[in-house]
Every structure is written in structure tokens, then in C-alpha cells.
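Below is one structure, written out as C-alpha cells, with a few remarks after it.
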Amino acid sequence: MKIYNTLSRQKEEFIPVEAGKVKMYNCGPTVYNYFHIGNARNLVVFDVIRRYFQFRGYEVSYAQNITDIDDKIIAQSITEGIPTDEVTRKYITAFLEDLDKLDVNPPDYQPRATQYISQMINFIRALEEKGYAYEAEGDVYFAVEKFAAYGKLSGKKLVDLKVGARVEENEQKRYPFDFTLWKKAKPGEPKWQSPWGEGRPGWHTECVVMSRDLLGETFDIHGGGNDLVFPHHENEIAQGEAYCGHPTVNYWLHNGFLNIEGEKMSKSAGNFFIARDVLQKYPAEAIRYFFLSKHYRSPIDFNEEIIQQSLAAVKTLYSALKDVDYLNQQDLPEYSEAQQKLKEQFLDVMDDDFNTARAIALLFEAGKEARNKDNSEEDRLRFARLLVELGSVLGFFRNLAEKLSAGEDISGKTASLIELLLTYRQDFKKEKNWQWADKIRNDLKELGINLKDTPQGTEWGIDENAKV
Ligand code: AMP
Ligand code: ZN
């Protein structure tokens, strides 16, 4: 397998630290709000990378942190008028719900920064003892000039950084790019006792300490979005290597941005769509398709039209499975040469730095052959089986049986909304308000949803063309 390493700026052969095992860490959310659809890209990309390693037979340990102490969380607690731990509880719950709605498999580890404070304090003390860190009035900084390789991930040089770059001005720092390891608490802020007084750890220290603790001193893959290359990951490298004296991560992987009209989607720019809102409107698979139809390192532009197109594409894949009545097949035939060949092609493109865009094209080929009436019944089933096997590696077809069975739309949300309308219609009927009861029936019909009143209650079904 070849994977692109941001550190070397080229594709490299993947050689795990321990044969047959992959240890990977991905920078997770700061839980001060709902995550947006750009963050969702990161979650889905690393979900697929993990699934593919598993498909390749590796035993994967996947850690994704939750940053539950941060300036933004403190600011949000003031905005919402609730304590910081209530803010984080609320958004961690939402995060886990949305992860599930996105069909992302939960990571093996979801460490929270506040669970690792003592390890972080010990780590910072060790850096201090080694001469890489210094204290200034209750804050502790990392002295970047002490770490000769500083800038090796981002390609930035300290001399360039001095000029024009955006740095937080702070007179306590010896050098503008020194970064905070420990931050002194202001009155009223959450705090922990430390050798430097009351305060909290810096974000860059959180990830380096938690990844070490869970995955070991040297692990295989560290991921995140492109925006994290500098300064976050650069600073993680500086701390990790200063602490151990050797590289601690072998491959650095970064997903490209999800943009809106060419601009990176971000909370601070205000050009964002909350993932849970988009998931109310569109099934997770349409969103996943949109993400995976481009290479994970390329930028992608988000708009409604492209999600509609992605939804239509997903429906086409499902239609192949319906055509062969996949659900009612007891024994699916073994692959013959044609499916083996397609599967090998899939492995080839995915082995080439996870080229999901080309992998999706192969899913379509399998789907096309499954629908092709010129093929034998057996062959069509073989291709359908291949479609499900490979599609599942990319995270499609979760709860396939439910989705393919009659009356089920791929979006559970849609189903619940229809059920809700049916209870309203039932109430109108009880009140003999036929006008509104009929209106609900007719409006649903226009959307391609047919109602049938039976002695047991009202059943609903989706018009074949409207159904996924
Ligand atoms: P944050 O909560 O902002 O730290 O972001 C969580 C993860 O999402 C990080 O890995 C970010 O790099 C990634 N991310 C943030 N914005 C975008 C975006 N617009 N496109 C793709 N990834 C993003
Ligand atoms: Zn991180």
C-alpha cells in the first residue's frame, strides 16, 4: 500500500510499526458546538481509511480525541449561561449521535483531554527538565528555537515565520512562535493544580500526550484536516520528538478542505452548515458519496445541487440490488473471474493512497453489471454481492436489509417524519376534520408517498421512483 505522507510530501510504501497492526490517531472535535459538514469530511475520510486497513486484514487501533477544555468552550459557556462541563456534556452527546447518523464507526478510543491532566503535567515537567520548556508567570511555553527540526512538517522556517506571519503577541514569550503548554487560569475559568499554579493544558499538548498514552511512543498514522498541519501538528512533532529524542509518528495524513464557493468552511468565517441539519435533509450515504467521490486530499466544494446528485448516484447503486432482489437471495454464488478482476482493481486503486474516487467508479461498474439483463442470473448476483462487499468497505449499505425492504426509505428521519404526519392525520380523522386529513394524504402523494387505510391503521409506501 502506498500512502501520501505530508512529512515527506510524497507517497510512501506503508510499513507498520508492528506487522499486521495499524495504530492511528485523528484529531477530533473541540466540543463547544455542533460540528459542521467540513468536520464531517474529516470524520468520514478517516472512517474509510480505518475500514480499508481492516479489510486488508490489519488489526486497527483507532483513537480520536475529544477536546473538552479550550478557550472556545469557556466562551460558549458564557454565551449559553451554563458551566463549561455542561457545554461539553451537551456537545459530546450530540457529537456521538451525529457520528452514528453519519454511519461512522465509533473509534476504539475517544480520550477526553480532561481525563489526562496529570499525564500532561508530567509531560510538560519532563520537557522543562530537558530544557525545551520555560515558565513565565504561571504560563509554560515550548521554546521552538531549541528544537532544530521545527518546521519540518509544514515546510515553514523560523526565519520566515518572523516576518508577517500571524502570531499572538505576547511579551512573556521569548520567541513569537513559542507555544503554550500550560495556560494560567483567569478568575472563574476551569482550572487544575500544577507545579506552575492553577491552570489548564494547551491544545497541542493534549493530542501528543493522549496519542502516546493510547498508541505508544511511535505509532503509524496521525491524521487531521489540512488546517492542522501548522501549527497544531508541527507543535505535536516538536513536543513528541523533544520528549523521546526520535520521531513518534511515521505517516502524517491530512484531508483537504470542504469549501463553500472556494472558501474553507469554518465556524469563524460563518460560512458553515451544521452536519446534523444537513443530515435531517439528506441521508448519510448521499453525504458520504459526496465526500468519497473526490480524492481525500483534494478540496471539495459543498452545495445542495451536488448533494442531490450524490443522492441520485446512491439510488442508482441501490437500484442494482433491488433489480436482483438481493434481499431474498439465500445463497449468493461465489465470485468468478470477472468479479475477482474488479475486486483486484478496487484493491489497486485503494492501495494507491485511498483513491476512493476511482473505487466508486468501480462500484458503479459492479452495479451496472448487476443490472445488465444480458448477464446470467448468477452473474448478476455475483456482481451485486461484489457491490455490497466493496461498498461496505467505503461505509455504504449499513442496515441494508431495512433499507431494501418495502416501505423503508434510506433516511430513518424521513420515515419518522411520515409517521408523525400520520399521527396528525389520525387526530384530524378523530375530530372529523376530513379536509385536513385529506390534505395530508394528497400532499404526501405529491411527494411520492402513498397511504393505505387498513383496519389495523394506515400503511404507507414510497413510490418506486422516489424511493432509494
Ligand atoms: P476543529 O473542531 O475545527 O478542530 O476540526 C475538527 C477536524 O475537522 C480537524 O481535523 C479539522 O482539520 C477538520 N476540518 C475543519 N474544517 C474543515 C473543512 N472545512 N474541511 C475539511 N476538514 C475540516
Ligand atoms: Zn490534535
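The values are calculated or read from the model by the stated rules, or taken from the named source; none is laboratory data. Just so it is clear, the structure is predicted and the values come from calculations on it, not from any experiment. All Cβ positions, even for glycine, are placed from backbone atoms using ideal geometry, and neighbour counts span all protein chains on display.
For every residue, the table says whether it meets (1) within 16 Å of ligand 2 (Cβ to nearest atom); (2) surrounded by fewer than 16 Cβ atoms within 10 Å (Cβ to Cβ); (3) hydroxyl-bearing (Ser, Thr, Tyr); (4) not assigned by TED's automatic domain parsing to the domain that holds TYR52.
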| site | (1), (2), (3), (4) |
| --- | --- |
| LYS146 | no, no, no, no |
| THR180 | yes, no, yes, no |
| TRP203 | yes, no, no, no |
| SER211 | yes, no, yes, no |
| PHE219 | yes, no, no, no |
| HIS232 | yes, no, no, no |
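What is the number of the single condition among (1) assigned to a helix (DSSP H, G or I); (2) exposed (fewer than 15 other Cβ atoms within 10 Å of the Cβ); (3) at pLDDT below 95 that GLN340 does not meet?
Of everything listed in (1) assigned to a helix (DSSP H, G or I); (2) exposed (fewer than 15 other Cβ atoms within 10 Å of the Cβ); (3) at pLDDT below 95, GLN340 misses just condition (3).
Out of segment 14-70, which residues are among the hydroxyl-bearing types (Ser, Thr, Tyr) and more than 17 Å from ASN250 (Cβ to Cβ)?
Answer for segment 14-70, where residues must be among the hydroxyl-bearing types (Ser, Thr, Tyr) and more than 17 Å from ASN250 (Cβ to Cβ): THR30, TYR32, TYR34, TYR52, THR67.
Check segment 56-69 and report whether any residue there is touching a Leu at 6+ places or on another chain (Cβ under 7 Å) and either within 16 Å of ligand 1 (Cβ to nearest atom) or hydroxyl-bearing (Ser, Thr, Tyr) (or both). Full working, then the answer.
Taking segment 56-69 and keeping what is touching a Leu at 6+ places or on another chain (Cβ under 7 Å), we get 61, 63.
Remaining after also requiring either within 16 Å of ligand 1 (Cβ to nearest atom) or hydroxyl-bearing (Ser, Thr, Tyr) (or both): 61, 63.
Within segment 56-69, one or more residues are touching a Leu at 6+ places or on another chain (Cβ under 7 Å) and either within 16 Å of ligand 1 (Cβ to nearest atom) or hydroxyl-bearing (Ser, Thr, Tyr) (or both).
Hey, can you tell me all the residues within segment 38-75 that are free of Cβ contacts under 8 Å to residues at least 60 places away in the same chain and closer than 18 Å to ASP103 by Cβ?
Once the filter is applied, which keeps residues that are free of Cβ contacts under 8 Å to residues at least 60 places away in the same chain and closer than 18 Å to ASP103 by Cβ, segment 38-75 yields ARG50, PHE53, GLN54, VAL60, TYR62, GLN64.
Quick one: in segment 347-392, which of the residues that are closer than 25 Å to ASN5 by Cβ and of a type in the set (Asp, Glu) is nearest to the chain's Cα centre (by Cα)? Show your work before the answer.
Here is the first cut: in segment 347-392, the ones closer than 25 Å to ASN5 by Cβ are 347-360.
Next, from what is left, pick out any that are of a type in the set (Asp, Glu): 348, 351-353.
Details: ASP348: 24, ASP351: 20, ASP352: 21, ASP353: 17 Å.
Applying the filter and picking the extreme gives ASP353.
Residues being aliphatic (A, V, I, L, M), away from ligand 2 (no atom under 16 Å from the Cβ) and more than 30 Å from ILE360 (Cβ to Cβ): count how many of those fall in segment 31-87. I'd like the intermediate steps shown before the answer.
Kept after step one, since they are aliphatic (A, V, I, L, M), are these residues of segment 31-87: 31, 37, 40, 43-45, 48-49, 60, 63, 66, 69, 73-75, 78, 82, 87.
Okay, now just the ones that are also away from ligand 2 (no atom under 16 Å from the Cβ), so 37, 40, 44, 48-49, 60, 74-75, 78, 82, 87.
Adding the requirement that they be more than 30 Å from ILE360 (Cβ to Cβ) leaves 74-75, 78, 82, 87.
Looking only at that region, the number is 5.
For segment 376-391, state whether one or more residues are surrounded by fewer than 16 Cβ atoms within 10 Å (Cβ to Cβ), over 29 Å from VAL278 (Cβ atoms) and not acidic (Asp, Glu).
yes
Could you list, in sequence order, the residues of segment 1-29 that are assigned to a strand (DSSP E or B) and either modelled with pLDDT under 95 or more than 16 Å from ligand 2 (Cβ to nearest atom) (or both)? Lay out the reasoning, then the answer.
Of all residues in segment 1-29, those assigned to a strand (DSSP E or B) come to 2-5, 10-13, 21-26.
LYS2, ILE3, TYR4, ASN5, GLN10, LYS11, GLU12, GLU13, LYS21, VAL22, listed by residue number.
Could you list, in sequence order, the residues of segment 278-317 that are farther than 21 Å from VAL388 by Cα, in contact (Cβ under 8 Å) with a residue 60 or more places away in the chain and in a helix (DSSP H, G or I)?
VAL278, LEU279, GLN280
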